[in-house]
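Engineer: Could you have a look at this structure, given as structure tokens, before my questions?
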Ligand SMILES: [Mg+2]
């Protein structure tokens, strides 16, 4: 029989929290407007979600856009992650769908901003799966309870596939419930604080 000291029964909430990288922790490059990413990264088929894996020449261009000096941290969000890490209450997972041709730049960036210290584990899509399949697989594998991402089409897909997980669509203007397990939020802190 397990003996418990009732005085130690304070409520310790431990969750497995998952975070997207680009546009949640790291800014898009200042020279490129956000709509460009949406236009060029997704294929134009409105019935199914599909992301483009760029050809060799475009990969070179994209590698330049991923140089760490063009990818500054979203300071407020990075500070929040550091605070969560210091509190040591939740398990923190980075789940990013960055493709394999960005491996070198991504490792440099993760090291530069201390992401390797902050997260329990970091996962990248270096095998070039479709981003939504990759994230779905990782959320199931690591039993992620809450996940935040700036791609609405992607989190909507994930929310349908993972009804037990609470999802947050990180955006600049809206705070509202979209699905029973999907909230729009302008504040990354909701991932830990939302009741
Ligand atoms: Mg993103």
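Please treat every number below as a calculation from the coordinates, not as lab data. Everything numeric here is computed off the predicted structure, so don't read it as measured data. Virtual Cβ from ideal backbone geometry, glycine too; neighbours counted across all protein chains shown.
Engineer: For the chain, divide the Cα radius of gyration by the Kirkwood radius and give the resulting Rg/Rh value with two decimals.
Structural biologist: 0.99
Engineer: As I understand it, the value is the acute angle between the Cα axis of helix 75-87 and the longest principal axis of the Cα atoms of the chain; what does it come to in degrees, rounded to 10?
Structural biologist: 30 degrees
Engineer: With both bridge residues required to lie in region 6-193, what share of the DSSP beta bridges run antiparallel, to the nearest 5%?
Structural biologist: Around 20 percent of the beta bridges assigned by DSSP in region 6-193 are antiparallel ones.
Engineer: Here's another thing I want to ask about it. List the residues of region 131-149 whose backbone N lies under 11 Å from a point placed 7 Å from the Cα of residue 164 along the Cα-to-Cβ direction.
Structural biologist: Those under the cut-off are 140-145.
Engineer: Arrange 167, 133, 183 by Cβ neighbour counts within 10 Å, fewest through most, would you?
Structural biologist: Ordered by Cβ neighbours within 10 Å, fewest first: 133, 183, 167.
Engineer: Please order 118, 155 by the number of other Cβ within 10 Å, starting at the fewest.
Structural biologist: 118, 155
Engineer: Still on this model: For n ≥ 4 DSSP H runs only, could you compute -39500 (n - 2.57) per run for the chain, divide by its residues and tell me the 222 nm figure to the nearest 500?
Structural biologist: -10000 deg cm²/dmol
Engineer: Further, regarding this structure: Return a whole-number percent for the relative contact order of the chain, with Cα pairs under 8 Å and 6 or more residues apart as the contact set.
Structural biologist: Relative contact order here is 23 percent.
Engineer: Determine the shape class of region 57-163: with a ≥ b ≥ c the square roots of the Cα gyration tensor eigenvalues, call it rounded for a/c under 1.5, and otherwise prolate if a/b is greater than b/c, oblate otherwise.
Structural biologist: Since a/c reaches 1.5 but b/c is at least a/b, the shape of region 57-163 is classed as oblate.
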